[in-house]
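Undergrad: Below you will find the structure I want to go over with you.
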Amino acid sequence: MNSLSKPVQKPKNPNFSSGPCSKRPGYDISKLKIDTLGRSHRSAIGKAALAKVCDDTAAILGLPEGYRVGVVPASDTGAVEMALWSLLGERGVDVLAWESFGKGWITDILGQLKLNNVGTFEADYGQLPNLSKANFENDIVFTWNGTTSGVKVPNGDWIPDNRAGLTICDATSAVFAMELPWEKLDVITFSWQKVLGGEGAHGMLILSPRAVDRLESYVPTWPLPKIFRMTKNGKLIEGIFKGATINTPSMLCVADYLDALDWVRAIGGVSASIKKSQNNLSVIEQFVSVTDWIEFLPASAEIRSNTSICLTLKATPEQVKEIVNLLAEEKVAFDIGAYRDAPAGLRIWGGATVESTDIEALLPWLEWAYHNIVK
Ligand SMILES: Cc1ncc(COP(=O)(O)O)c(C=O)c1O
């Protein structure tokens, strides 16, 4: 029998999923501005809401002059694939991958686009490939934060300012939670359902002026479906980046995202949302440092994610599953099992919408559950 007594205080919010992620503190669906619902997304009011999504995202993130922000179909996957299909093939490509999603982009590039001048740089769960091996004469495809292994790139210092190729960065579990060196990134993608706890459905595609030049000067040899097409007669369709979406978006999801952006502004902007996430990691780091049965999946602190916080336990995969189930049964933590392709363990979301007080409240339960199952 477990010698530890059952903790009393539960997290106020037990939602620690890595996507869709927890709604922000104080979220109230009845407070969303829903005057756009039931109206055309091309009406003045609909278009204004969509343009506000683009403009406010650029302003809050502090994007450099000339960067475009567009709302595109199919969440982060849609945004990444739109970029891969539209931009690649003009030159060689180096793909850096260290977990499930990055490896998925390799499958797209080799298996579907069937490009042949491709370098792949892979690492196992918990590690990063050698970033200095990337050849910046080529286009570079990588994930800023590998959501399923909890490994992020430490910074953008390895990306030269005078690169010839484009950098295409899947940053879905990083934007609003990690410092991103925008000038070093030519394509940045994310979705609303991650750090700000928005809804799935739409992706955000951010393009540097160099990415726009590529779109306007290069036509891929393969066919592009309508939902990937960003140019007309060799010119960027600027409307896509001013709220004139390619096809019909969910205006309810738009209202939800605008509410999330208002919240970021209210807490002090992106530096505050980054800080909240870093604090969440600190709370877990403190716990791991004094607990002998738990470790971070990434051993190196420099590359440790502050959003998708991945942990391994001294336990069998079956015991880990039992711990995860027990915590869910107790309504203490939902959805904290490691991703299906990752090593058995825990993945606790520490993005900006998760309160550090809730992580603090979770940890004694984790201790209790571990000793309950593993003895
Ligand atoms: C790094 C990364 N890329 C892509 C995706 C796919 O995102 P979506 O389901 O929003 O398309 C995810 C989802 O968790 C992710 O973590």
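The values are calculated or read from the model by the stated rules, or taken from the named source; none is laboratory data. It should be emphasised that the depicted structure is a prediction, and the values quoted were computed from it without experimental measurement. Reconstructed Cβ throughout: ideal geometry from the backbone, glycine too, with neighbour counts over all protein chains shown. Accessible surface is based on the protein model in full, side chains and every heavy atom, while ligands, DNA and RNA are left aside. Shrake-Rupley method; radii C 1.70, N 1.55, O 1.52, S 1.80 Å.
Undergrad: Just round it to a whole percent: the fraction of Cα-Cα distances in the chain exceeding 36 Å. Can you show the working numbers first?
TA: Values: 16725 of 70125 pairs.
The share of Cα pairs beyond 36 Å in the chain comes to 24 percent.
Undergrad: How far, in degrees from 0 to 90, does helix 317-329 lean away from the longest principal axis of the Cα atoms of the chain, to the nearest 10?
TA: 90 degrees
Undergrad: Let me check something: with ligands and nucleic acids excluded, how do Tyr370, Tyr339 order by accessible area (1.4 Å probe), largest to smallest?
TA: The ranking, largest first, comes out as Tyr339, Tyr370.
Undergrad: Sticking with this structure for a sec: Based on the alpha carbon coordinates of segment 109-201, what radius of gyration and maximum Cα-Cα distance (Dmax) apply, in Å?
TA: That works out to 13.8, 38 Å for Rg and Dmax.
Undergrad: Provide the percentage of antiparallel DSSP beta bridges, counting only those with both residues in the chain; round to the nearest 5.
TA: 60 percent
Undergrad: In addition: Please report the antiparallel percentage of the DSSP beta bridges confined to segment 156-298, to the nearest 5. Numbers along the way, then the final one.
TA: Numbers: 7 of 10 bridges.
Of the beta bridges lying entirely in segment 156-298, close to 70 percent run antiparallel.
Undergrad: Report D for segment 132-275 in µm² per second (integer): Stokes-Einstein, Kirkwood Rh on Cα pairs, 10 °C, 1.306 mPa s.
TA: So the translational diffusion coefficient is about 94 µm²/s.
Undergrad: In a GNM of the chain with a 10 Å cut-off on Cα contacts, which of Val354, Val283, Val53 has the highest mean-square fluctuation?
TA: Val283
Undergrad: While we're looking at this one, here's another question. If Rh is defined by the Kirkwood formula over all Cα pairs and Rg also comes from Cα, what ratio Rg/Rh do you get for segment 67-224?
TA: Rg divided by Rh gives 0.92.
Undergrad: Could you please state how large a percent of the accessible area of the chain is carbon and sulfur, counting protein chains only and using a 1.4 Å probe?
TA: Here carbon and sulfur together make up 51 percent of the probe-accessible area.
Undergrad: Follow-up. Quick check: the angle from helix 356-374's long axis to the longest principal axis of the chain, C-alpha only, nearest 10 degrees?
TA: For 356-374 against the chain, the angle is about 60 degrees.
Undergrad: Over the Cα atoms of segment 7-48, what Rg and Dmax result, in angstrom?
TA: Rg and Dmax of segment 7-48, Cα atoms, are 16.7, 54 Å.
Undergrad: Still on this structure, please answer the following. Going down the table (Lys133/Lys194; Lys194/Lys235; Lys152/Lys242; Lys23/Lys242; Lys23/Lys194), which pairs top 21 Å between alpha carbons?
TA: Those over the limit are Lys133/Lys194; Lys194/Lys235; Lys152/Lys242; Lys23/Lys242.
Undergrad: Continuing with the same structure: Let me have the 222 nm mean residue ellipticity of the chain computed from DSSP H runs of 4+ only, each contributing -39500 (n - 2.57), with the sum over all residues rounded to the nearest 500. Write out the running numbers ahead of the final one.
TA: On the way: 8 runs with 116 residues, N = 375.
Mean residue ellipticity, 222 nm, calculated: -10000 deg cm²/dmol.
Undergrad: Next question. Can you list the chymotrypsin sites (Phe, Trp or Tyr not before Pro) in segment 205-277 that are in a DSSP coil and have 14 or fewer other beta carbons within 10 angstrom?
TA: The qualifying sites: there are none.
Undergrad: Moving to a separate point now. Just the number: Rg to Rh for segment 68-153, Cα atoms, Kirkwood Rh, two decimals.
TA: Across segment 68-153, the Cα-based Rg/Rh ratio is 0.95.
Undergrad: In segment 1-119, what is the volume of the convex hull around the alpha carbon atoms, normalised per residue and reported in Å³?
TA: So the per-residue hull volume is 251 Å³.
Undergrad: Moving to a separate point now. Looking only at GluC sites (Glu not before Pro) in DSSP loops with at most 12 other Cβ atoms within 10 Å, what is the longest site-free stretch of the chain?
TA: So the longest stretch without any such site is 180-375.
Undergrad: Here is a further query. Might you tell me the accessible area per residue for segment 68-123, computed with a 1.4 Å probe and given in Å²?
TA: 33 Å²
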